[in-house]
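Peer 1: One structure is given below, represented as C-alpha cells, and several questions about it will come after.
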Amino acid sequence: MLSLGTDTKSFSKEDCGLLEPSAELNVEALSARITWITNFVAPYDVSMYQNLGDRLQDFRLLLSTGMEKCRTWTPNLSLSNARIQRTLSWTYQSRHPNGFTETLQSHFPYDTIPLLLKEKPKVVISSELGARTVQAVIYRFLCPGTRLIIRAAVSEVSEEGRDRLRNWLRRVLLNHADAVLVNGQSGARYIRRFGVPLEKVFTVPYTTDMTALRGVPLERPLEADLRLLYVGQLIRRKGVLPFFDILREWALRHETRTANLWIVGTGDLRDGLGKYALPSNVTVKFLGAVPYANLPNVYAECVLLVLPTLADERGVVVNEAMAAGLPVLGSLYSQAVEELVRDGHNGWYFRPDSQGEMYSALDRALNTSDAKVLEMRSNARKTVEYLTPAYEADQVLGAVHFVLSQTD
C-alpha cells in the first residue's frame, strides 16, 4: 500500500519531539472524540491502541482490513472500539532505487467520509498519505472545527524514487495537517521537505509490549554460541540474500569456526534461500511463521539479531531483540538501527549496499568476546527500556493536546 511521505531535531528524546511521560498525560482522559483510521492492527500496535482507549473517553479505530494478504500475522479483532470499513483493496508492484521490487497492497476505504460525518470526531488521526487521508482532509474542510493528524510511516530511504505526482499529493495533504506523527529522525527530515513546520512534527516510534521479552535471561545456553537470528519477511527488500553472500564469504575465510542462523518468517525467497550453497560450517534453520506471542522463546535461544534491510521505515524487531537482550547487527537503512544501535555498545551497524561494511560488521560481531557480548546484552536491554506502549501513547496524546490548543 502507499506509504508516506532541512533541518530537524537531534537524537535526544527531549529535542527530537519525544515527550517524557507526564502526570498530566497519564491521568487525563480527553473528552474530545478521537478517531484513528488506519489499514490494520499490527500485533505490536495492540497495546498502544489499548492504552489510548483506556486514557481517552471516546477513542475509535476504523480499519481498512482485518489483515493484509502479504502478512502472516493473525488478525486481532479484540479491540472493542475497532470497526472494519467497506474497502476496495488491490496489490501492485513497487520498484525501489536500491534494486528491489516488492508486492504491496493498497486500500480505498470508500465509506470514510460518511462514517466521519456520522461519528463527528473532533480529532482524526489518519495513517499514510493515500486515499484514506484524502478523505480525512475533505472531512476537515466539511467540518472546519475538527483537527487532522497524519501518521507518516516513512524514512528518507524508504521513500526514495517516489514520482512527482505522489510527491505533489503528499505536499497538498501535509500542508492541510494540523500535526504529523513520524517514526524517527529520518522520517522527520523527509516530512520537513514538504514545508511542514518543525513544531507540527511529533516523533512516535513503533513500540511493543516488552514484558515477556524483558523476562528472557541475559545469559544464553552454550549451544546458542554464534547463533544468529533473523525475524522478518523473506523478500528482497529485507536484504537477506546479500547477507547470505557475506556470511558465506566469512565462513570460507574462517573454516575452523561455525555459525548458525535461525530464520523466522516466510516469503518469496524461502525456496531460493533453502537451496543456497553455504559452506559446511554454516547451518541455517528455517522456523517459518512463528506466532507473535511465541517470539520471546525464539529470542531466548539466540545470541544476536541480524537485520540487513535495504529499506525499512522503522524495524520494530530491533526493539524486540534489544528488550530480549540481543545485540543487533543491523542496516542503517532501518530507522530503528540508525537511532538505537551504537556500534560496539549494543550492536554493530553497516550500510547494506557496501559489502565491505557488512563483512566488517559481521566479522566484528562474531569475534566479540563472551564477556563483551554479555555486557552488550545488558546495554541493549537498557537502550529500549523507555520504549513502552504507554510511552508511544504519550507521544500521540502530545500531538492531540497540541492540535486541540490551536485556533483556526
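The values are calculated or read from the model by the stated rules, or taken from the named source; none is laboratory data. Quantities reported herein were computed from a predicted structural model and do not represent experimental measurements. Please note: Cβ atoms are built from the backbone with ideal geometry, for glycine as well, and neighbour counts cover all protein chains shown.
Peer 1: Looking at the structure I just gave you, is G99 at positive phi and not assigned by TED's automatic domain parsing to the domain that holds I235?
Peer 2: When the stated conditions are applied, G99 passes them.
Peer 1: Residues of segment 343-377 being in a helix (DSSP H, G or I), small (G, A, S) and surrounded by 14 or more Cβ atoms within 10 Å (Cβ to Cβ), which ones?
Peer 2: Those that are in a helix (DSSP H, G or I), small (G, A, S) and surrounded by 14 or more Cβ atoms within 10 Å (Cβ to Cβ): S360, A361, A365.
Peer 1: Follow-up. For segment 117-176, which residues satisfy the criterion of being charged (D, E, K, R), within 17 Å of L62 (Cα to Cα), crowded, with 16+ Cβ neighbours inside 10 Å and out of contact with any Pro (no Cβ under 8 Å at 6 or more places or on another chain)?
Peer 2: Selection gives K122, E128, R140, R147, R151.
Peer 1: Which of (1) more than 24 Å from M210 (Cβ to Cβ); (2) of a type outside the set (F, W, Y); (3) outside any helix (DSSP H, G or I) is the odd one out, the single condition C302 does not satisfy?
Peer 2: (1) is the only condition that C302 fails.
Peer 1: List pairs: first residue in segment 272-283 and surrounded by 15 or more Cβ atoms within 10 Å (Cβ to Cβ), second residue among the aromatic types (F, W, Y) anywhere in the structure, Cβ distance under 6 angstrom, at least six positions apart or on different chains.
Peer 2: Pairs that qualify, where the first residue is surrounded by 15 or more Cβ atoms within 10 Å (Cβ to Cβ) and the partner is among the aromatic types (F, W, Y), are Y276/F244.
Peer 1: Restrict the check to segment 218-229 and report whether at least one residue is at pLDDT 95 or above and either part of a strand (DSSP E or B) or surrounded by fewer than 19 Cβ atoms within 10 Å (Cβ to Cβ) (or both).
Peer 2: Yes, there is a match, as at least one residue in segment 218-229 is at pLDDT 95 or above and either part of a strand (DSSP E or B) or surrounded by fewer than 19 Cβ atoms within 10 Å (Cβ to Cβ) (or both).
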